[in-house]
Amino acid sequence: MGLRDRIKERLKGALGFPPPAVAAPAAPPPPAAEPDFTPLGPSSLLAEGAARSWPLPGSPDRVVAVFRRNGELFAMDNACAHEDGPIGEGTVRGNTVRCPYHDWEYDFTSGVCLTDPERRQACWKVKELQGQIWLGPLLRQGTTIRGGEHNDGLEVIQQ
Ligand code: FES
């Protein structure tokens, strides 16, 4: 090492070169594992007093409807017990939702069909955490019975 290099080394040391490494900001912790719960989607997609449906995790042929009422979430089978209409696209009023196809009505807090109380929808645990809606274990099985009177005042046209 020549004189020039020695001078450079001394200057680097005196000037604090190379500068001390700046620690990178810590990455946010990964979402906590939620045993028995599966994320459905961002909770921002479900407004207060509204409903939204998502594919049922692990069952591509089924859909779950999630409702938000007074800050609480409720999840039930989206397939109407009348003729499989999309309940999650129905009209929400208070604790009830009216199927958009023929107006069968449900209490989404219990899954009870108000039009035919013998029928009840499957319901799941559901919660909101870290900006996501998480679907939990099945609370109760729902009916598999289908058919019945229309409730919309329209006549069925027989062909
Ligand atoms: S399919 Fe829902 S009321 Fe007929």
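The values are calculated or read from the model by the stated rules, or taken from the named source; none is laboratory data. Note that the structure is predicted; figures quoted are calculated from it, not measured. A quick note on method: Cβ atoms are made from the backbone with ideal geometry, for glycine too, and the neighbour counts reach across all protein chains shown.
Of the set (1) closer than 30 Å to residue 35 by Cα; (2) surrounded by fewer than 18 Cβ atoms within 10 Å (Cβ to Cβ), all apply to residue 46 but (2).
Pairing each residue of region 129-146 that is touching a residue at least 60 places away in the same chain (Cβ under 8 Å) and surrounded by 15 or more Cβ atoms within 10 Å (Cβ to Cβ) with any residue that is part of a loop (DSSP other than H, G, I, E, B) and of a type in the set (D, E, K, R), provided the two are 6+ apart or on different chains, yields C-beta distances under 7 Å for 134/34; 136/36; 143/119.
Just the residues that are over 14 Å from residue 142 (Cβ atoms) and more than 8 Å from the ligand (Cβ to nearest atom), please, taken from region 75-85. Scanning region 75-85 gives no hits.
State all residues of region 97-142 that are on the phi > 0 side of the Ramachandran plot and within 14 Å of the ligand (Cβ to nearest atom); if no residue qualifies, say none. Walk me through how you get there before you give the answer.
Within region 97-142, the first condition is being on the phi > 0 side of the Ramachandran plot, and the residues that meet it are 103, 111, 130-131.
103 - this is the single residue of region 97-142 that is on the phi > 0 side of the Ramachandran plot and within 14 Å of the ligand (Cβ to nearest atom).
Cβ separations smaller than 8 Å between residues 6+ apart or across chains give the following pairs from region 70-83 residues that are more than 13 Å from residue 98 (Cα to Cα) and in a strand (DSSP E or B) to residues that are within 10 Å of the ligand (Cβ to nearest atom) and of a type outside the set (Asp, Glu): 76/87; 76/106; 77/87. Among the residues of region 86-96, the ones that are more than 10 Å from the ligand (Cβ to nearest atom) and either modelled with pLDDT under 95 or in a strand (DSSP E or B) (or both) come to 4 in all. Of the residues examined, residue 49 is not one that is within 14 Å of the ligand (Cβ to nearest atom) and either over 11 Å from the mean Cα position of the chain (by Cα) or part of a strand (DSSP E or B) (or both).
Within region 35-71, the set of residues being farther than 16 Å from residue 138 by Cβ, in contact with a strand residue (DSSP E or B) (Cβ under 6 Å, 6 or more places away or on another chain) and among the polar types (S, T, N, Q) comprises 43, 53.
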